[in-house]
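Visitor: Let me begin by handing over the structure; questions about it come next.
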Amino acid sequence: MAHKQFVIEGLGLCKSYGGKEVLRAENVAVSNGRITGIMGPSGAGKSTLLRIMSLLEAPSGGELSLFGSLVPVNKAEKQALLRRMTIVFQKPVLFDTTVFDNIAFGLRARRLPAGEIRTRVTASLKKIGLSGQGNQKARTLSGGEAQRVALARALVIEPEILFLDEPTSNLDPANVELLEGLLHDLNRERGTTIVMVTHNLFQARRLADDLLFLCQGELVEAGPAERVFQEPADMRTKAFVEGRMIY
């Protein structure tokens, strides 16, 4: 099933809770080095699909391939896959320690030298606009600052795939612009594959190279973002991108 241009592939993926199917995605493909947006109304299954692709949940059925490896894999192989990717959620989860220690967490877990950790964290603090705040308690930050730290903690380990679940939905316009700029630079400069759940059509237009559109638990359309927005093949997609779908 795996192709070199795709870092994630799914065939017949489905997920059920208590006997109720909440997701069915017959064919999923995420291209290497591109930004893929996952769109759809509330309850469409966007976050469920993201959690399956990031190995936080197992599908109820179907096949999933990451970096050419078919999942499920053994514990050691799964750990190796997880080290190649990371995820940032809608609500930032920070440790009760300093900003510096939060960003350094993944680097220390990988046992990098202290000097390299300091260099990389200092550069990350500058990039997210928090230079000089490394010693501040993370839980005293504003919502926008906290999300920037959560993103920096993810980016400092230089993942091959970055998963994002509505990371800007609770932020003010200034922080949205800053985070979108970080994501754009990350993708264009490092070639990082980004998979991002968003219900914001404008954000998807600004960032996404490709789109997956879900509706009522079904993946109904996938393709280049420009084509999906301008010439959607499914009437449900057309209603959504034209703002006629109530959600």
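What follows draws every value from the coordinates through simple rules; no lab data is involved. Please read these numbers as outputs of a predicted model, since none were measured by experiment. We place every Cβ from the backbone using ideal geometry, glycine too, and count neighbours over all the protein chains shown.
Visitor: Would you grab the residues whose amide H sits under 5 Å from the one on residue 87? Only those 5+ places off in sequence or on another chain, please, with H modelled 1.01 Å from N.
Guide: Here 163 satisfy the definition.
Visitor: Mind giving me the nanometre distance, one decimal, between the label points for residue 27 and residue 111, set 7 Å out from Cα along Cα→Cβ?
Guide: 4.5 nm
Visitor: Could you name the lysines whose alpha carbon sits less than 26 Å from that of residue 238, not counting residues in the same chain fewer than 8 places away?
Guide: 15, 46
Visitor: Here's a follow-up. Who wins for biggest fluctuation among 122, 168, 193 in a Gaussian network model of the chain, springs between alpha carbons below 10 Å?
Guide: 122
Visitor: Next up: Provide the per-residue ³J(HN,Hα) series for the range 192-203, in order, calculated from phi with Karplus coefficients 6.51, -1.76, 1.60 and θ = phi - 60°, each as a whole number of Hz, with x at glycine and proline positions.
Guide: The phi angles translate into 5, 6, 10, 10, 10, 7, 8, 9, 8, 4, 5, 5 Hz.
Visitor: Oh, and also: Hey, can you grab everything whose amide H is under 5 Å from the amide H of residue 54? Only 5+ residues off in sequence or another chain; H modelled, so Pro and N-termini drop out.
Guide: none
Visitor: Once you have a ≥ b ≥ c as the square roots of the Cα gyration tensor eigenvalues for the range 101-175, tell me rounded if a/c is under 1.5, and otherwise prolate or oblate according to whether a/b is larger than b/c.
Guide: Oblate is the answer for the range 101-175, as a/c is 1.5 or above yet b/c matches or exceeds a/b.
Visitor: Starting from the Kirkwood Rh over alpha-carbon pairs, what translational D in µm² s⁻¹ does the range 1-147 have by Stokes-Einstein at 37 °C and 0.692 mPa s?
Guide: 185 µm²/s
Visitor: Could you give me D for the chain, from Stokes-Einstein at 25 °C and 0.890 mPa s, where the hydrodynamic radius is the Kirkwood radius over C-alpha pairs? Units µm² s⁻¹, please. Don't skip to the end; give the middle numbers.
Guide: Values: Rh = 18.7 Å.
In µm²/s, the coefficient rounds to 131.
Visitor: How many nm separate the modelled label positions at residue 170 and residue 184, each set 7 Å beyond the Cα in the direction of the Cβ?
Guide: 2.6 nm
Visitor: Give me the distance in nm between label points sitting 7 Å out from Cα along the Cα-to-Cβ direction at residue 230 and residue 58, one decimal.
Guide: 4.4 nm
Visitor: If you don't mind, there's one more thing I want to ask. Rounded, prolate or oblate for the range 1-47? Axes are the square roots of the Cα gyration tensor eigenvalues, ordered a ≥ b ≥ c, and the cut-off for rounded is a/c under 1.5.
Guide: oblate
Visitor: Between residue 35 and residues 5 or more places away or on another chain, which pairs have amide H atoms under 5 Å apart, with H built 1.01 Å from N, and which residues are they?
Guide: Residues meeting the criterion, in which the H sits 1.01 Å from N, are 194, 209, 210.
Visitor: Applying the Karplus parametrisation 6.51 cos²θ - 1.76 cosθ + 1.60 with θ = phi - 60° to the phi angles of the range 40-45, what ³J(HN,Hα) value in whole Hz is obtained for each residue in order, glycine and proline being reported as x?
Guide: Listing the rounded values in order: x, x, 4, x, 7, x Hz.
Visitor: So what's the back-of-envelope 222 nm ellipticity for the chain, counting only DSSP H runs of four-plus at -39500 (n - 2.57) apiece and dividing by all residues, rounded to 500?
Guide: Counting only the DSSP helices, I get -10000 deg cm²/dmol.
Visitor: Another one. Of the residues 153, 139, 24, which exhibits the maximal mean-square fluctuation in a Gaussian network model of the chain defined by a 10 Å Cα contact cut-off?
Guide: 139
Visitor: Ranking 124, 31, 54 by Cβ neighbours within 10 Å, fewest first, what do you get?
Guide: The fewest-first ordering by Cβ neighbours comes to 31, 54, 124.
Visitor: What's the percent breakdown of Cα-Cα distances in the range 132-221 across 10 Å bins, shortest bin first?
Guide: 14, 46, 30, 8, 1
Visitor: Apply the Karplus parameterisation 6.51 cos²θ - 1.76 cosθ + 1.60, with θ equal to phi minus 60°, to every residue of the range 77-90 and state each ³J(HN,Hα) to the nearest whole Hz, in sequence, with x for glycine and proline.
Guide: So the J values, rounded to whole Hz, are 5, 5, 4, 5, 5, 4, 6, 9, 8, 8, 9, 10, 9, 4.
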